[in-house]
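The values are calculated or read from the model by the stated rules, or taken from the named source; none is laboratory data. All of these numbers come straight from a predicted model, not from anything done at the bench. Note that each Cβ is placed from the backbone with ideal geometry, even for glycine, and that neighbours are counted across all protein chains shown.
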Amino acid sequence: MISLAGRDILHSWGKFVFTGIGLGLLIGVTLVMAGVYRGMVDDGKALLDNSGADLWVVQKDTLGPYAEPSSLNDDAYRAILSMPGVAQAANVTYLNMQVRKGDRDVRTMVVGIAPGSLGVTPGWPPYLVAGRQITRAHYEAVADIASGFKLGDRLAIRRNHYTVVGLTRRMVSSSGDPMVFIPLKDAQEAQFLKDNDAIWQSRRRSEANPAFNRPAVPGLLDAVIASQSTNAFVNGVLVTLKPGHAPEEVAESIRRWRRLTVYTRVQMEDILISKLIATSARQIGMFLAILAVVSATIVAFIIYSLTMDKIREIAVLKLIGTRNRTIAGMIMQQALALGVIGFVVGKITATFSAPIFPKYVLLTPMDSIVGFFAVLVICVLASLVAIRMALKVDPAEAIG
Amino acid sequence: MSSRKGIRIEGLSKRYGQGDTAVFALKDVNMQVAPGEVVGLIGPSGSGKSTLLKCLGAVIDPTAGRMVLDDEVIYDEGWKVRDLSALRRDKIGFVFQAPYLIPFLDATDNVALLSMLAGVPNAEARAKALELLTALDVQHRAHAMPSALSGGEQQRVSIARGLVNRPPVILADEPTAPLDSVRAMAVIRILNDMAKRFEAAIIVVTHDEKIIPTFKRIYHIRDGVTHEELGEGRGFD
């Protein structure tokens, strides 16, 4: 038996191909939307992977340092280092800000890393694609390549200038902003650095405060001003464990004895995925649902129109003895063919357009497989209206 | 000795509606067409020609009567055949006023489709189709799409389609209406030749004055009632 659907498609291939391209672009957008969500999840995981930590110690009762502000004294890490099972503990700061280079600026996550060495101190960028790690105590930076900075570039963070000495890749925040690593002390200063006028106003207020400016206590005012102009806080402490120690066990110990909040890798992943990007995920889910409905409507309309164009032929086919299932099969095969053409076009479109998007778009094979079968199901459902209409055609219409 | 018996219709009626609003489109129609015979069915518009054709074509249900095809009772106060699609496919050939060829199949496949639907392998069905196209002198257009065929060629392909499963009866609905007299006579000649060659009983519904004299027997139908008369039957013996 010849394929009636195949012959019809070959006969009016232009109509099918152009409709398939239109549908394909819609499917491409759907795949990219799914890829954006996967990219956000992957960015979150990359952030955790790149920190090199087993535990995140943050301000008590906060979801910090990525999902909520968190502030710890910068000497808290010393006590954590002494806890059983802790191999390394290092302060870290995170600050989302615009970093300037010349007359342009880039949205980045500035990470303050503690002095130490690669592979030992958590928080350091684990690998570089060019240049070297930070070796000086101040004014050197390692930037993610997505920021657009190059080796030797001078970038400005607040009032200080930094030289890019190393470049790294896939070091991004959970929202996809490229990271710029700078020394911890510089980052602490950057977090609280005020302009000259604000500093002067602050000093004036302290001088005017009789509690700080006591004639009988010389040196008190200077000590207060000194404490006001330095920042002794960090956003969190990254902890690595000694072999053989369970993360939850060590975390519980720190929670109990240091009265801090501690997250394991699993908990931190949960915070990033189910809390930080949950709204975005729901938003994308809504878009996917709308796009699925729009795709189904388009396929249904196209198949309905193509079937309407063939009403007389369908009446003739029924009159000369073609079974209903053959006619239904023809219509369904055409809908599926349209879906396959659309999916191929959509997959190609998504693959080639993904790198152009400013945010990371991760197209996974599993999403493509699920998408392919979803398209087929949508096409089958969309063809039901046309099939119902074709089955209602009276063969007597061919006689007149 | 042929096993073909043609078609016999006894007391066929078709009523639309019920009670006071009932309209009889066919009233006690009797008709018999032998294998190899071509008969005319003529009558004015609204006389019941199309209704009779639809009943014979198993497209609508008669209200009463009996239809016998090749000694097989296919209708006797109800259909005796379970699969009417298969009945139409295997036992009844159709030739329409317009050829109504499937636009996405070439001439050969338009003809072969019916055999393929009946389960004949593609190659065999195409060979049968080509044989018929040759018999109808249109084999040179075997691979042309319907849109590339002339009106006469399309009608010949349509006739070939009606014959491909060697049905005992062929129903031709105004097959010459769109054709000039030369082509109309050619189509009637072909139908006569094919009726003899394939021992098919052919019923031609028409009010084309040009071809009426070619029938040996004619059924006149008016207000759902038929009566038979002998035609001039000239020209094809």
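Please find, within the stretch B:101-111, the residue that is surrounded by the most Cβ atoms within 10 Å (Cβ to Cβ) out of those that are assigned to a helix (DSSP H, G or I) and more than 8 Å from chain A (Cβ to nearest Cβ).
B:Val111
Looking at (1) under 24 Å from A:Leu4 (Cα atoms); (2) more than 9 Å from every other protein chain (Cβ to nearest Cβ), can you tell me which one B:Ser85 breaks?
Status for B:Ser85: all satisfied but (2).
Quick one: would you say B:Gly151 is more than 18 Å from the chain's Cα centre (by Cα), in contact (Cβ under 8 Å) with a residue 24 or more places away in the chain and within 20 Å of B:Ile102 (Cα to Cα)?
So B:Gly151 fits the description; yes.
Output the helices (runs of 4 or more DSSP H) that fall wholly within the stretch A:299-400 and possess 3 or more residues being surrounded by fewer than 20 Cβ atoms within 10 Å (Cβ to Cβ) and either within 28 Å of the chain's Cα centre (by Cα) or more than 14 Å from every other protein chain (Cβ to nearest Cβ) (or both), or say none.
The helices (runs of 4 or more DSSP H) meeting that bar are A:324-353, A:365-392.
Only one residue in B:Gln18, B:Gln32 is under 28 Å from B:Thr176 (Cα atoms) and either without any contact (Cβ under 8 Å) to a residue 60 or more places away in the chain or buried (at least 23 other Cβ atoms within 10 Å of the Cβ) (or both). Which one?
Exactly one of B:Gln18, B:Gln32 is under 28 Å from B:Thr176 (Cα atoms) and either without any contact (Cβ under 8 Å) to a residue 60 or more places away in the chain or buried (at least 23 other Cβ atoms within 10 Å of the Cβ) (or both), namely B:Gln32.
For the stretch A:248-266, does any single residue satisfy the condition of being in contact with a Ser or Thr (Cβ under 7 Å, 6 or more places away or on another chain), touching a residue at least 24 places away in the same chain (Cβ under 8 Å), assigned to a strand (DSSP E or B) and hydrophobic (A, V, I, L, M, F, W, C)?
Within the stretch A:248-266 (the criterion being in contact with a Ser or Thr (Cβ under 7 Å, 6 or more places away or on another chain), touching a residue at least 24 places away in the same chain (Cβ under 8 Å), assigned to a strand (DSSP E or B) and hydrophobic (A, V, I, L, M, F, W, C)), the answer is no, since none of the residues qualifies.
Among the listed residues A:Asp61, A:Asp49, which satisfies the condition of being surrounded by fewer than 19 Cβ atoms within 10 Å (Cβ to Cβ), more than 14 Å from every other protein chain (Cβ to nearest Cβ) and not in a helix (DSSP H, G or I)?
Of A:Asp61, A:Asp49, the one residue that is surrounded by fewer than 19 Cβ atoms within 10 Å (Cβ to Cβ), more than 14 Å from every other protein chain (Cβ to nearest Cβ) and not in a helix (DSSP H, G or I) is A:Asp61.
Looking at B:Pro167, B:Pro175 in this structure, which one is at pLDDT 90 or above, touching a helix residue (DSSP H, G or I) at 6+ places or on another chain (Cβ under 9 Å), surrounded by 20 or more Cβ atoms within 10 Å (Cβ to Cβ) and outside any helix (DSSP H, G or I)?
None of the other options fit; the residue is B:Pro167.
What's the number of the condition B:Asp76 fails, among (1) modelled with pLDDT of 90 or more; (2) within 14 Å of chain A (Cβ to nearest Cβ)?
Going through (1) modelled with pLDDT of 90 or more; (2) within 14 Å of chain A (Cβ to nearest Cβ) one by one, B:Asp76 breaks only (2).
Going residue by residue through the stretch B:117-124, is there one that turns out to be farther than 22 Å from B:Asp180 by Cα, within 13 Å of chain A (Cβ to nearest Cβ) and crowded, with 20+ Cβ neighbours inside 10 Å?
Looking through the stretch B:117-124, at least one residue is farther than 22 Å from B:Asp180 by Cα, within 13 Å of chain A (Cβ to nearest Cβ) and crowded, with 20+ Cβ neighbours inside 10 Å.
Return the total of residues in the stretch A:165-205 being modelled with pLDDT of 90 or more and among the small types (Gly, Ala, Ser).
2
Going residue by residue through the stretch A:18-38, is there one that turns out to be in contact with a strand residue (DSSP E or B) (Cβ under 6 Å, 6 or more places away or on another chain), in contact (Cβ under 8 Å) with a residue 24 or more places away in the chain and under 30 Å from A:Thr240 (Cβ atoms)?
Scanning the stretch A:18-38 turns up no residue that is in contact with a strand residue (DSSP E or B) (Cβ under 6 Å, 6 or more places away or on another chain), in contact (Cβ under 8 Å) with a residue 24 or more places away in the chain and under 30 Å from A:Thr240 (Cβ atoms).
Before we move on, is A:Ser117 surrounded by fewer than 17 Cβ atoms within 10 Å (Cβ to Cβ) and at pLDDT below 90?
Taking the combined requirement at face value, the residue satisfies it.
May I ask you to list the residues in the stretch A:322-363 that are of a type in the set (Ser, Thr, Tyr) and within 16 Å of A:Arg38 (Cα to Cα)?
Correct list: A:Thr351, A:Ser353, A:Tyr360.
Pick from A:Leu291, A:Leu221: which is surrounded by 13 or more Cβ atoms within 10 Å (Cβ to Cβ), more than 26 Å from A:Val110 (Cβ to Cβ) and assigned by the TED database to the domain that holds A:Gly39?
A:Leu291
Name the residue, out of A:Ala190, A:Ala141, A:Ala137, A:Ala198, that is of a type in the set (A, V, I, L, M, F, W, C), part of a helix (DSSP H, G or I) and either assigned by the TED database to the domain that holds A:Val106 or under 24 Å from A:Ser117 (Cβ atoms) (or both).
A:Ala190
In the set B:Ala98, B:Ala64, which member is more than 13 Å from B:Val169 (Cα to Cα), within 14 Å of chain A (Cβ to nearest Cβ) and of a type outside the set (Ser, Thr, Tyr)?
Criteria check complete, one pass: B:Ala98.
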